[in-house]
1. Cα to Cα, under 19 Å, and not fewer than 8 places away if on the same chain: which lysines meet these conditions relative to LYS278?
2. Find the Rg to Rh ratio for the chain, where Rh is the Kirkwood radius over alpha-carbon pairs and Rg uses the same atoms.
3. Quick check for you: with a 1.4 Å probe and neighbouring chains kept, what is the accessible area per residue of the chain, in Å²?
4. Where a Cα-Cα gap under 18 Å defines reach, which lysines qualify for LYS108, not counting those fewer than 8 residues away within the same chain?
5. Taking K and R as +1 and D and E as -1, what net charge do the other residues with C-beta under 9 Å from the C-beta of PHE57 add up to?
6. Once the Cβ-Cβ distance between ASP475 and ASP164 is put in as r, and R0 is 30 Å, what FRET efficiency do you end up with, to the nearest 0.05?
7. Among THR500, TYR466, THR515, whose Cα sits farthest toward the positive end of the charge dipole of the range 460-521 (+1 at Cβ of Lys/Arg, -1 at Cβ of Asp/Glu, about the Cα centre)?
8. Show that you can apply the helix-only estimate: for the chain, add -39,500 (n - 2.57) for every DSSP H stretch of four or more residues, divide by all residues, and state [θ] at 222 nm to the nearest 500.
Amino acid sequence: MKRLFIYSAIVVFGLGSCTKDFDELNTDPDNLTEVGARERPFMFAKAQSSSAMNRSFYQTVQNLGPDLYAQYFALTTTSFRTDRYALTPDWQRRFWTVVYVDTAPQLKSIMDNVEEDSGEGALANILWVYAFHRLTDQFGPIPYFQAAEPIDVIPYDPMDKIYDDFFVRLTKAVEALKALPAGTTVYQGYDLMYDGNLDNWIRFANSLRLRLALRISKVDPERAKTEAEAAVASGVMEDNGHNASLAKALEGNDTNGLAQVAMWNEFAMSSTIASYLKGYEDPRLGIYFQPSANGDQFNSLRNGITTTDLGVSRNQANANSNVGEYWVAYSGSTEADNLVIEGNLTQRQQVMCAAESYFLRAEGALNGWNMGADAKSLYEDGIRMSLAQWEVRDEDAIAVYLTTTNTPVAPGDYHESPAVASTPVIWAATEATQREQIGVQKWLAIFPDGMEAWTEFRRSGFPKMYDLIQSENADLPIGTFIKRMPFPLTEETSNMEELTKGRALLGGEDNAATTLWWDID
């Protein structure tokens, strides 16, 4: 696959000057003057890389925020305080840069310059939904319907209207792709996810539609049922060959973001995920994480650990478990000053996996929706799919896992935490526990996508997590969990009038404790 990325000139051009009717253009061959068929593949690749959080923004937008809030990881450093819910306003702005500068203008330019029912237009619309659903699910109401328009003031839109547009775009995109001749490819050689395979794009779009349907299942159950059943009928991800992941490379500042930040050894396995993985004797424990550098043990930390406790040698980075060898490998001495952590920077970055679609369908089946199978079989198939994704193929071991009565255990951390929950793996007899099991196993399966995991935790309440040890956010006392990101402060200087309207759409204060539209529990 060609590893090519849009140059800054194309990015700038895409911000506002690309329309169907071009004015007279400078024809200097050394300068880009218009965006045509030759440029669109580069623009699409740029938008793909950016939408899933490339290396430039991975640490501050994802790793030091949602990855901690999902309690996949906990910080081992005193350099940052986000694990104690002390927010850094400038980092909120960066997610807006990812979407409004590095993603949306490229996609808008493509959509403005191709036929609506073309394959290029369909892929751009699918990626548009993927990028914006992550943004709105962090902030709430956002500027959406006029995003990437060449205007100075962009109004905010309510989440229910934004979600309605998501469903419309995904439906039309799939219809357009299915209408294309068999064997058609789009952006082959430039598509970083599927290399132009439209069958996989259809399954990705339908699985994303299913995800969004479950997201609104409590606030709008009838619409959720309609969208979910239509998505499954149209064809969702069913095996790991359908998984969505992005090719990564050393060029173009586009290495694997988690591999990059893990090299700095500033976070470790959270005690929450340790309690589940250790208790279940889960074979993914040694895949998702690796033993500590200086003790050869799977050690973890509680989230929100105090600066005093972080000074204890047992809580320092080399005494705890970094992510697994898929992302980084240790070499050299285990002493703090001599340890070398080498990043596997070109590993593919997960976007969405088939296992998630099975767990979404399992929850839908419990809701009484037609998901093509019963909840128990979908739940168990989701586990099988996740294990296979990470090369766990021993059928006997899988059978043992599916039928184990094991429950989470005390993780053995510095704070002597008890087991985080009592959720078993083997399918339970009660619906309440079944829902919790689905939530836990989906959370384990979508690792390390903390952005989606945090969103689903807010939506479903699962998995059960430990309270923070310490909170530095007055709006989020111990026993509560962060609900959203406040709007960027830059909006106060550049878009204050519309920001005021956006804040009114929240239905609460513009802080981290206000729940979003779909979060009604």
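The values are calculated or read from the model by the stated rules, or taken from the named source; none is laboratory data. This is a predicted model, so every value here is computed, not measured. Here the Cβ is made from the backbone with ideal geometry for all residues, glycine too, and neighbour counts use every protein chain on show. Keep in mind that these areas ignore ligands, DNA and RNA; they rest on the heavy atoms of the full protein, side chains included. Shrake-Rupley method; radii C 1.70, N 1.55, O 1.52, S 1.80 Å.
1. LYS442, LYS464
2. Numbers: Rg = 22.5 Å, Rh = 23.6 Å.
Checking Rg against Rh, the ratio lands at 0.95.
3. On the way: 19540 Å² over 521 residues.
Counting only protein heavy atoms, the per-residue value for the chain is 38 Å².
4. Here the lysines satisfying the reach criterion relative to LYS108 are LYS20, LYS46, LYS172.
5. Details: positive: ARG55, ARG94; negative: ASP102.
So the environment of PHE57 carries a net charge of +1.
6. Working: r = 30 Å, r/R0 = 1.00.
About 0.50, to the nearest 0.05.
7. Selected residue: TYR466.
8. On the way: 20 runs with 219 residues, N = 521.
Taken over the chain, the calculation gives -12500 deg cm²/dmol.
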